[in-house]
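Worksheet: one structure, shown below.
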C-alpha cells in the first residue's frame, strides 16, 4: 500500500447527548451527536449501506477513531465504516495485529503514519480491509454485522442514555429477525478473522435463538423434514457454534433422513470457496477443502487442512437404506425371487419345495394344495409394488454392457435419467407400509407379506423418527479425535455381527469377532447396558440380520 494514498477525514466534534434537537436548530454551529446506524439499527427508509462514502461512513461506533474501507472485488463498490480501534483490538486478535505498526502488515504501518500526520488536525485515518474471495463470499452485510458486534460496547455507552429504547435492545430485537443464512455467514467470517469468541459471547448476550424457538428445534418430527436442506445445514453450523448440542444432533439426524442433493453418488466438495454449511467439516461429509483462516497471530495467512474423509452422515444414511434393501431382499428370497445360501429352516406347517437349485419352504400358511400358486401370486404382487409403487428396487438386465448405447441414442442426452436428490427415508417407510394385502382366494387370509412386513418396518421407523435424533451427531463431541473412533459407524466398536428381530423388537445381538452377546432384556456388552443409539447402530450396521424367527 503506497504511503499517503488514502484520504483523511475530519473528526466530528464531540457533543453531549443531553442537548435536544431544538438546541441544534437554534445554534447551527453545533453538530448533533452521531448515533450508530448500521443496517440493523437504521430505519427502513434510511439510505442503504452501499451509499456510504469517505465523507459519510456508516457509524459503527460514534467514538470511532478510524475508518475501515472494504472494496468488493466483483463490482468495485467501496464501503466505509467508522469504528473504534480500541474496541477492535480488544475483541479481535486479527485487528489487534492488523492495526499494530510493529507487525509486518502494511495496514498497521500506514495506520500509525496517518495517526502521526493527523495528530491535532482533526482527521480520521482510513485502513483498508483486505478483500479476498472468501470475504466476498461472506458478504458485506455479514462483515458489517461482525464489526458492529466487535464494537457492541458503543451501543450501551452513555451517549445513548436518552434513547426511548436502548440501541442494544433494538439491535438484539432486529438480530433475532435476521435470516439464519446471515448468522451462518457471520459465524464463518468470525472464524475467518480469528475472532469467534466475541461473536459467540454477543450472540449469547443477545439471546439469539436460531430464528425459531429452541424447544421446537430440539425435537425431531415430521415438521423438521419440511425445512429446506440449506436451512438444516445452516442450523447445524450455528447450533454447533452456540454449543446447542441437542439441536445440532437433531439437525444432523434430519440430514441423514432427508438426504442431500449433494449426495447423489457421494458427498462432493464444492468447487472454489464455499461456506461452512455447504460442506460440513471434520469428516461429517468427507475430506473438506482446506479451510482458510486469516492467522494474523503469527503474521501470515495460514491454511489448515481437514484430514478426515469419513463421510459419516452419508455413510449412516447408506446404512439405513442398506438395511431397508436387505429387508426387501429377505422377503424376495423367501418367495423364491432370489437364491439363498442359508440352510433350509424346518417348521411344523412349512411344506418343503425341491428345485434344481436349492430347497425352498413355501410361505403359504393355508396348508392347501395350491401353496405354489399362493406364493407366486404374492411374489408378483411384492415385485410389482417394490418396483413400481415404492420404487425401492430396480429390475434391469445383466446381458447388456453398461457402456453400450443402442442405435439412435448417441445424442439422447435429453432423455437420459438425471440423478435426483435422495428420498426421505421416512417417506420410503410410509410407502412400503402401503403394501397391498390381496389374497389368491378366501382360504388364504393368513398368507401374504404385509402382515409380516409392517411390524419390522415399525421397528425401523422407531429409530428413524425418534424425537431424540438417534442417528445424528453432536459435532462438538465428534470433533474430538478421541471420540471420533468410538462414534463413527465404520469403526469396529459396537459393530454387530448378527441382529435378531421379532416383530418390531431387537431381541438378540452378536457383537464382534469374540462373540460377545447382548439381549434386549437385561443383556450387557462390555459391562454396560446398551442405549437406544447403540441398538440403532447395531441394527443398521450389522453384518447379518435375522428378520424373523425360524418358526414364524
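What follows is calculated from the coordinates using simple rules that are stated; it is not laboratory data. Given the structure is predicted, the values throughout are model-derived calculations rather than measurements. Because the Cβ atoms are built from the backbone with ideal geometry, glycine has one as well, and the counts that use them run over all protein chains shown.
I want to check the label-to-label distance for residue 398 and residue 173. Put each point 7 Å from Cα in the C-beta direction and report it in nm to one decimal.
With each label point 7 Å from Cα toward Cβ, the separation is 7.0 nm.
Return 151, 364, 447 ranked ascending by Cβ neighbour count within 10 Å, so the fewest neighbours appear first.
Ranking 151, 364, 447 by Cβ neighbours within 10 Å, fewest first, gives 447, 364, 151.
What ranking do 547, 277 get, fewest neighbouring Cβ atoms within 10 angstrom at the top?
547, 277
If we count other beta carbons within 10 Å of each Cβ, what is the order of 427, 228, 154, fewest first?
Starting with the residue having the fewest Cβ neighbours, the order is 228, 427, 154.
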